[in-house]
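Shown next, in structure tokens, is the structure this report addresses.
All of the numbers you see were taken from the coordinates with simple rules; none came from a lab. Fair warning: this is a prediction, and the values are worked out from it, not measured in the lab. Cβ sites come from the backbone with ideal geometry, for glycine too, and all protein chains shown count toward neighbours.
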Amino acid sequence: MLSLLKKKNVVANVALDENNELAALKAIANRVAGKLDLAEQELKSGFFASGAQDAVIIGDEAVILRATSSTLTHPEAVVLSFDSPVQWGDDNSSVDIAIAIVLPVNDDSAYQTLLNNARVAISDHIDELNTLKSSNSGLKTLWKEINR
């Protein structure tokens, strides 16, 4: 899907001003905007909507969110880890990995593929997540599998 020769979009150990879902969503939008050179506010709106409506939590470890960008021409995924777990959703899952999927506006055809790849990557590495999440090189393992 995406070339493995391109820059890996990973950010390990993101520190939050406050350890809650709202602060995490803001940080995700900020870091993804920086990594992909996109408008932060547009991403923030999308990630907030996704967080409220269709965030996917896997193994009480990772959350998968999506947003769209009017300037993006192909789908991108960014994998982030938090330096401390964040209580996420109504069931207060203890999430310390976020997978942010950004799609071009009016073209979410790749979302299901990226979502399924993310689910498989997290599930396949569930026993290794504590190690993988602590470094950019560890997160690259997940990123490569999501973008295959």
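Have a look at ASP17, ASP83, ASP108, ASP90 and point out the one that is closer than 26 Å to THR131 by Cβ and either out of contact with any Pro (no Cβ under 8 Å at 6 or more places or on another chain) or outside any loop (DSSP other than H, G, I, E, B) (or both).
The unique qualifying residue is ASP83.
Looking at (1) assigned to a strand (DSSP E or B); (2) out of contact with any Leu (no Cβ under 6 Å at 6 or more places or on another chain); (3) free of Cβ contacts under 8 Å to residues at least 60 places away in the same chain; (4) buried (at least 23 other Cβ atoms within 10 Å of the Cβ), which is the only condition VAL78 fails?
(3)
Among the residues of the range 40-56, write down those that are touching a Leu at 6+ places or on another chain (Cβ under 8 Å) and more than 17 Å from ALA77 (Cβ to Cβ).
LYS44, PHE48
Suppose the filter is assigned to a strand (DSSP E or B) and either in contact (Cβ under 8 Å) with a residue 40 or more places away in the chain or surrounded by fewer than 19 Cβ atoms within 10 Å (Cβ to Cβ) (or both); does ILE122 pass it?
Judged against the criteria, ILE122 is not a match.
Count, please, the residues in the range 20-38 that happen to be in contact with a strand residue (DSSP E or B) (Cβ under 7 Å, 6 or more places away or on another chain) and part of a loop (DSSP other than H, G, I, E, B). Working first, answer last.
Here is the first cut: in the range 20-38, the ones in contact with a strand residue (DSSP E or B) (Cβ under 7 Å, 6 or more places away or on another chain) are 20-21, 24, 27-28, 31-32, 35-36, 38.
Narrowing the set further to residues that are part of a loop (DSSP other than H, G, I, E, B) leaves 20, 38.
So the count comes out to 2.
Residue by residue, here is whether (1) without any contact (Cβ under 8 Å) to a residue 40 or more places away in the chain; (2) surrounded by 18 or more Cβ atoms within 10 Å (Cβ to Cβ); (3) among the hydroxyl-bearing types (Ser, Thr, Tyr) holds:
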{"position": "ASP91", "(1), (2), (3)": "yes, no, no"}
{"position": "ILE97", "(1), (2), (3)": "no, yes, no"}
{"position": "TYR111", "(1), (2), (3)": "no, no, yes"}
{"position": "LEU115", "(1), (2), (3)": "no, yes, no"}
{"position": "ILE126", "(1), (2), (3)": "no, no, no"}
{"position": "ASN130", "(1), (2), (3)": "yes, no, no"}
{"position": "LYS133", "(1), (2), (3)": "no, yes, no"}
{"position": "LYS144", "(1), (2), (3)": "no, no, no"}
{"position": "ASN147", "(1), (2), (3)": "no, yes, no"}
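For the range 97-137, how many residues are within 11 Å of VAL79 (Cβ to Cβ) and out of contact with any strand residue (DSSP E or B) (no Cβ under 7 Å at 6 or more places or on another chain)?
2
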